[in-house]
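Inspection log for the structure reproduced underneath, given as structure tokens.
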Amino acid sequence: GIAYWSLSRHERSVFLLKHAIAAYRDALHYRTPTTDPTACASTYNNLGTAFWELANHPDTPAAPQGRYQQNAVIAYEAALKASELAPSNMDLASIRHCLGSIYDKMAQTADAQTAGNLQRALSHYVVALQQTPKTTAAYDPIFKALVRNVAMHYEMLGLEGQQQALSGIPAAILPDVML
């Protein structure tokens, strides 16, 4: 899976991403939460990344993009769940940042679920920030994504949506968001 994913960055991206997805799915027959939760979480994370890249690739037809986004969410959520079963060195904040990005993207395309997707994105950003030390390089992109999400709440749901988003932000980081 990793080999296909790596090659997809240089040639035949859609074709190789689909092969990476198939390889990761095959690996999950052996890397299960009960046999090796750490390897299982890592494989689900890689699967989520492959689906997310496939959903965002310019050569991917519009019709399956939503399905690829949903599959990325399922894979990332499974990675988080598997990582709870055993100590891991996985970057859980990064996974949550990815989930937030996917939900933000889904909010822009699904009118009926816009509010729910924005709220799910916000929740993932908040947890990711809480898991990331403010002094690390990873903090700033997650923080900026959270601020964009609050702005999207306002743009898509109005003042009431923005107020709801702000009420979901921990008091410790709220002053920074308000700047």
How many Å² of accessible area per residue for the chain, probe 1.4 Å?
54 Å²
Counting only protein heavy atoms with a 1.4 Å probe and every protein chain in place, the carbon and sulfur fraction of the accessible surface of the chain in whole percent equals 55 percent
Accessible area, probe 1.4 Å, largest first, for residues T135, T114
T135, T114
Counting Lys and Arg as +1 and Asp and Glu as -1, each charge on the Cβ, what is the dipole of the chain about the Cα centre in debye, to the nearest 20?
240 debye
Quote the charge dipole size of region 9-70 about the Cα centre in Debye, to the nearest 20; the model charges only the Cβ of Lys and Arg (+1) and of Asp and Glu (-1).
80 debye
Find the Rg to Rh ratio for region 25-93, where Rh is the Kirkwood radius over alpha-carbon pairs and Rg uses the same atoms.
1.04
Residue by residue, what Karplus-based ³J(HN,Hα) values in Hz, rounded to whole numbers, does region 111-125 have, using 6.51, -1.76 and 1.60 with θ = phi - 60° and x for Gly and Pro?
4, 5, 10, 4, 4, x, 5, 4, 5, 5, 4, 4, 4, 5, 5
What's the local net charge at D104, with K and R +1, D and E -1, over the other residues with C-beta under 10 Å away?
+3
How big is the chain on each of its three principal axes, counting only the C-alpha atoms and giving the largest first in Å?
46, 39, 28
Highest first, please rank the peptides 101-108, 127-134 by the mean number of other Cβ atoms sitting within 10 Å of their residues.
101-108, 127-134
Normalised by the empirical 2.2 N^0.38 Å for globular proteins, what value does the Cα Rg of region 1-63 take?
1.15
Regarding region 98-165, what whole-number volume in Å³ per residue does the convex hull of its Cα atoms give?
70 Å³
Accessible area, probe 1.4 Å, largest first, for residues C98, C40
C98, C40
Rounded if a/c is under 1.5, else prolate if a/b is larger than b/c, else oblate: which is region 128-179, with a ≥ b ≥ c the root eigenvalues of its Cα gyration tensor?
prolate
Residue (of P61, I74, Q113) at the positive-pole extreme of region 27-179, dipole from beta-carbon charges
I74
If R0 = 22 Å, then T136 and A86, at their Cβ-Cβ distance, give a FRET efficiency to the nearest 0.05 of 0.40
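The values are calculated or read from the model by the stated rules, or taken from the named source; none is laboratory data. In this text, all values refer to a predicted model and were calculated from it rather than measured experimentally. Here the Cβ is made from the backbone with ideal geometry for all residues, glycine too, and neighbour counts use every protein chain on show. The protein model used for the area step is the full one, side chains on, heavy atoms only, and it has no ligands, DNA or RNA in it. Shrake-Rupley method; radii C 1.70, N 1.55, O 1.52, S 1.80 Å.
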